[in-house]
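To keep things clear, I will list the structure first and then write my remarks on it.
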Amino acid sequence: MKIGILISGRGSNMAAIIEAVLSGQIPKSDVAVVISDKTSAEGLQKAMMRGIETLVIAKKGRTREEHDAEIIVELKNRDVELICLAGYMRLLSPEFIRTFPKRILNIHPSLLPCFKGLDAQKQAIEYGVKVSGCTVHFVDESLDNGAIIAQKVVEVKDGDTPETLSERILEYEHTLYVESVKRVVEGNYEIIGRNVIYK
Ligand code: GRF
């Protein structure tokens, strides 16, 4: 299966997915392209070092729809069937989501539906929860809302700062994202309503 990854920054989840594809842990797949909306994204270098094609498609004052349309063309030109958002800091347009129904994945650093949006780890600390974690989900038209593929619980420790909690959650994100992509590629599931049921 041809995978496209969208990033805006560091790209550590992207690197984990690429490594898993290259090692065969995610079977019968290729990462066809990594697309960033930022020229400065550190992840671009990480993708290039691993021999993956990269593109920068900046928004450049265009509407979200125009920007997304350009990304869709590049993904389609490469026959991409599965899209992984990995620290991609933009909301996708409804048109983008309709073009790849149930084929776009995202990772979020909280146990959804808690702490949607930006700074999820800071939100968790401020709320005072004792556990948080990470979630991989299908992307729908609402922010951090689609059907949940997998979650991992991570302890929030006394004295945690957003930085220490982010770092602890990130270690689990990489494994969770790789396992989730593997499950979607293998296809042994069905989606009933909001529920992803594994066979
Ligand atoms: C991760 O914490 C992810 O959950 C969130 O953005 C961060 C991206 O980190 N969506 P990286 O770019 O994958 O290192």
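Only one of (1) touching a Lys or Arg at 6+ places or on another chain (Cβ under 7 Å); (2) touching a residue at least 24 places away in the same chain (Cβ under 8 Å); (3) surrounded by 15 or more Cβ atoms within 10 Å (Cβ to Cβ) fails for residue 154. Which number is that?
Going through (1) touching a Lys or Arg at 6+ places or on another chain (Cβ under 7 Å); (2) touching a residue at least 24 places away in the same chain (Cβ under 8 Å); (3) surrounded by 15 or more Cβ atoms within 10 Å (Cβ to Cβ) one by one, residue 154 breaks only (2).
Do we have residue 42 as acidic (Asp, Glu), within 11 Å of the ligand (Cβ to nearest atom) and open to solvent by 40 Å² or more (accessible area, probe 1.4 Å) here?
Taking the combined requirement at face value, the residue satisfies it.
Pick out the one residue from 61, 51, 24 that is under 17 Å from residue 175 (Cα atoms) and over 15 Å from the mean Cα position of the chain (by Cα).
Exactly one of 61, 51, 24 is under 17 Å from residue 175 (Cα atoms) and over 15 Å from the mean Cα position of the chain (by Cα), namely 24.
When only residues in region 58-87 that are open to solvent by less than 20 Å² (accessible area, probe 1.4 Å) and within 16 Å of the ligand (Cβ to nearest atom) count, which is farthest from residue 152 (Cα to Cα)?
83
Do we find that residue 190 is open to solvent by 80 Å² or more (accessible area, probe 1.4 Å) and assigned to a strand (DSSP E or B) in this structure?
Working: open to solvent by 80 Å² or more (accessible area, probe 1.4 Å): yes; assigned to a strand (DSSP E or B): yes.
For residue 190, the condition - open to solvent by 80 Å² or more (accessible area, probe 1.4 Å) and assigned to a strand (DSSP E or B) - is met.
Starting from region 124-145, take each residue that is in contact (Cβ under 8 Å) with a residue 60 or more places away in the chain and list its partners that are open to solvent by 40 Å² or more (accessible area, probe 1.4 Å), counting only C-beta distances under 8 angstrom and pairs at least six apart or across chains.
Note: no pairs meet the criteria.
For region 117-132, what are the residues that are surrounded by 15 or more Cβ atoms within 10 Å (Cβ to Cβ) and away from the ligand (no atom under 11 Å from the Cβ)? Give the steps one after another, and end with the answer.
Start the filter on region 117-132 by keeping residues that are surrounded by 15 or more Cβ atoms within 10 Å (Cβ to Cβ), which leaves 120-125, 129, 132.
Within region 117-132, 122, 123, 124, 125, 129, 132 meet the criteria.
Please tell me if residue 90 is within 23 Å of residue 176 (Cα to Cα), outside any helix (DSSP H, G or I) and of a type outside the set (Gly, Ala, Ser).
Numbers: within 23 Å of residue 176 (Cα to Cα): yes; outside any helix (DSSP H, G or I): yes; of a type outside the set (Gly, Ala, Ser): yes.
Considered against the rule, which asks whether it is within 23 Å of residue 176 (Cα to Cα), outside any helix (DSSP H, G or I) and of a type outside the set (Gly, Ala, Ser), residue 90 comes out as yes.
Name the single residue, out of those in region 133-151 being within 10 Å of the ligand (Cβ to nearest atom) and either over 20 Å from residue 192 (Cα atoms) or not β-branched (Val, Ile, Thr) (or both), that is most open to solvent (accessible area, probe 1.4 Å).
Per the stated criteria, the residue is 144.
Given 55, 6, which one is of a type in the set (A, V, I, L, M), touching a Cys at 6+ places or on another chain (Cβ under 8 Å) and either away from the ligand (no atom under 15 Å from the Cβ) or part of a strand (DSSP E or B) (or both)?
After ruling out the rest, the residue left standing is 6.
Of everything in region 157-167, what is away from the ligand (no atom under 11 Å from the Cβ) and either modelled with pLDDT under 95 or open to solvent by 50 Å² or more (accessible area, probe 1.4 Å) (or both)? Give them in sequence order.
Result: 157, 158, 159, 161, 163, 164.
Consider region 9-39. How many of its residues are hydroxyl-bearing (Ser, Thr, Tyr) and away from the ligand (no atom under 15 Å from the Cβ)?
The number of residues fulfilling the criteria is 3.
Please go through (1) under 17 Å from residue 184 (Cβ atoms); (2) open to solvent by 80 Å² or more (accessible area, probe 1.4 Å) for residue 22 and return the number of the only condition it doesn't satisfy.
That leaves (1) as the condition not met.
The values are calculated or read from the model by the stated rules, or taken from the named source; none is laboratory data. Keep in mind the model is a prediction, meaning the values are calculated, not measured. For neighbour counting, all protein chains shown are included, and Cβ atoms are generated from backbone atoms with ideal geometry for every residue, glycine included. Just the protein is used for accessible areas: all its heavy atoms, side chains included, with ligands, DNA and RNA removed. Shrake-Rupley method; radii C 1.70, N 1.55, O 1.52, S 1.80 Å.
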